[in-house]
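Novice: Have a look at this one before I ask anything.
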Amino acid sequence: MPGIIKERLFTPGPTPLLREAEVQALAASLHHRTEEFRRLMRQTLENLQYYFNTQNDVLIFASSGTGAMEGAVTNLLSPGDRVLVGTAGKFGERWVELARAYGAEVLTVESPYGQCLSIEQMKKRLEVDGPFAGVFVQATESSTGVSHDVEALGKVVSTYAETCLVVDAITGLGTTDLRPDEWGLDIVIGGSQKATMVPPGLAFVGVSEKAWKRIEKSKTPRYYFDFAKERKNQAQGESSFTPATTLVVALSAALQYIRRMGRDNLVANAATLAEATREAVKALGLRPFAACSPSNAVTSIRAPDGMDSGSIVKELRSRFGAIVSNGQGSMRGQIFRLAHLGYYDALDLFAVVAALEITLVKLGHRLELGSGVRAAEEVYLRHSK
């Protein structure tokens, strides 16, 4: 139909932006070698510790989250080190590729797409096939919409004095209860285009004292992603190279917003909207893809039998401007992914569920209009005060 169509993001990254952060970034004209920027940088790093729920150092890099993942590999490992990777999706496979690229001996524990990582199998591998320099895993595997039990894994890995646990929490931070210090998560990685509600371009790395000790022994060459060099400079409000000043300004505004809201409330927002999404999906006669421990960050949904999920993605975008994600890898065409992180609220959810209902009807799927929205509303009412 003719008329206004607004594009809206329902993807697991980039995510909807906090307007306050956008405005602050547009007005920013800071030089990075000034005391004004140093104060901003120090405050932002302190607020990142709050966001990460840690007393450990948290560093900022101008890069995608994958840059920080690579940095974790190059800083922690030496060529020939043995590592254990838990993989159950595209981003677990990325850990395998990164570790092999830098000469590590990689052993894996694999679960099928849509399944949780077996912590018991990880534990057995650690017992039988060690020693390992590092264990690499996702908090949330956003390609499948599954969360892994990093708390249980952290408690296992903590018993190995020379083994560090590295967690890709790029979509886990701000959507999931994570306690790095309590659980023994040695390197935790985040990205700006997720629950922090700012554009892509910044990566964050939380580093424990246990990890710093192993980093001192690493013999892998590195230059840009040199954690020790950045630790020294960022403690002074500086960075080793030109920072993405505008993004840091936006991040500063977003983190202040998160502190006012409360980290736990940010996580609860994602959890409630994820639960509402899952109930809406069931009401529409669809099946969630995650067979266990569904993520708060993104819900993966099986397309109706005989329907390509790409058709749903295209129809949502062309008809409503709603941008959702197709499946990745072998799941392309079989699932679509509806995210609920970033600057995302209940009204966004009700709207996209209504759009999904109409899309499915147009594509030939039989359902009762309003049933998905009603299910989402009921979850919202259960959680509302």
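Novice: In this structure, does TYR224 turn out to be open to solvent by 30 Å² or more (accessible area, probe 1.4 Å) and part of a loop (DSSP other than H, G, I, E, B)?
Specialist: Values: open to solvent by 30 Å² or more (accessible area, probe 1.4 Å): yes; part of a loop (DSSP other than H, G, I, E, B): yes.
In short, yes.
Novice: Can you report the number of residues in segment 1-26 which are touching a residue at least 40 places away in the same chain (Cβ under 8 Å) and either in a loop (DSSP other than H, G, I, E, B) or in contact with a Ser or Thr (Cβ under 9 Å, 6 or more places away or on another chain) (or both)?
Specialist: Residues that pass the stated criteria total 16.
Novice: Out of the residues in segment 38-58 that are crowded, with 22+ Cβ neighbours inside 10 Å and aliphatic (A, V, I, L, M), state the one that is nearest to THR220 (Cα to Cα).
Specialist: It comes out as VAL58.
Novice: Here is a follow-up. How many of the residues making up segment 95-112 are touching a residue at least 40 places away in the same chain (Cβ under 8 Å) and open to solvent by 50 Å² or more (accessible area, probe 1.4 Å)?
Specialist: 1
Novice: When the residues of segment 63-94 are narrowed to those that are open to solvent by 10 Å² or more (accessible area, probe 1.4 Å), more than 17 Å from the chain's Cα centre (by Cα) and in contact (Cβ under 8 Å) with a residue 40 or more places away in the chain, which ends up farthest from PHE241 (Cα to Cα)?
Specialist: ARG82
Novice: Further question: Given (1) touching a Ser or Thr at 6+ places or on another chain (Cβ under 7 Å); (2) open to solvent by less than 60 Å² (accessible area, probe 1.4 Å); (3) assigned to a helix (DSSP H, G or I), where does SER218 come up short, assuming only one miss?
Specialist: (3)
Novice: Just to be sure, is GLU93 among the acidic types (Asp, Glu), at pLDDT below 95 and assigned to a helix (DSSP H, G or I)?
Specialist: no
Novice: Suppose the filter is acidic (Asp, Glu), closer than 29 Å to LYS217 by Cβ and free of Cβ contacts under 8 Å to residues at least 40 places away in the same chain; does GLU127 pass it? If you could, list the steps in order and put the result at the bottom.
Specialist: Values: acidic (Asp, Glu): yes; closer than 29 Å to LYS217 by Cβ: yes; free of Cβ contacts under 8 Å to residues at least 40 places away in the same chain: yes.
Yes.
Novice: Also, I was wondering about something else. If the requirement is being at pLDDT 95 or above, among the small types (Gly, Ala, Ser) and on the phi > 0 side of the Ramachandran plot, which of these qualifies: GLY310, GLY364?
Specialist: The conditions single out GLY364.
Novice: For a quick check of your reading of the model, give me the residue pairs whose first member lies in segment 325-341 and is modelled with pLDDT under 95, whose second is open to solvent by less than 20 Å² (accessible area, probe 1.4 Å) and part of a strand (DSSP E or B), with beta-carbon atoms closer than 6 Å and at least 6 apart or on different chains.
Specialist: Note: pairs meeting the criteria are GLY327/ILE335.
Condition check ((1) under 16 Å from the mean Cα position of the chain (by Cα); (2) of a type in the set (D, E, K, R); (3) buried (at least 19 other Cβ atoms within 10 Å of the Cβ)) across all residues:
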| position | (1), (2), (3) |
| --- | --- |
| VAL267 | yes, no, yes |
| THR277 | no, no, yes |
| LEU284 | no, no, yes |
| ALA303 | no, no, yes |
| GLY310 | no, no, no |
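Novice: Now a separate question. If LYS123 satisfies all but one of (1) part of a helix (DSSP H, G or I); (2) within 14 Å of LYS210 (Cβ to Cβ); (3) open to solvent by 40 Å² or more (accessible area, probe 1.4 Å); (4) not acidic (Asp, Glu), what's the number of the condition it fails?
Specialist: It fails just one condition, (2).
The values are calculated or read from the model by the stated rules, or taken from the named source; none is laboratory data. In this text, all values refer to a predicted model and were calculated from it rather than measured experimentally. We place every Cβ from the backbone using ideal geometry, glycine too, and count neighbours over all the protein chains shown. Heads up: the accessible areas ignore ligands, DNA and RNA and are worked out on the full protein's heavy atoms, side chains in. Shrake-Rupley method; radii C 1.70, N 1.55, O 1.52, S 1.80 Å.
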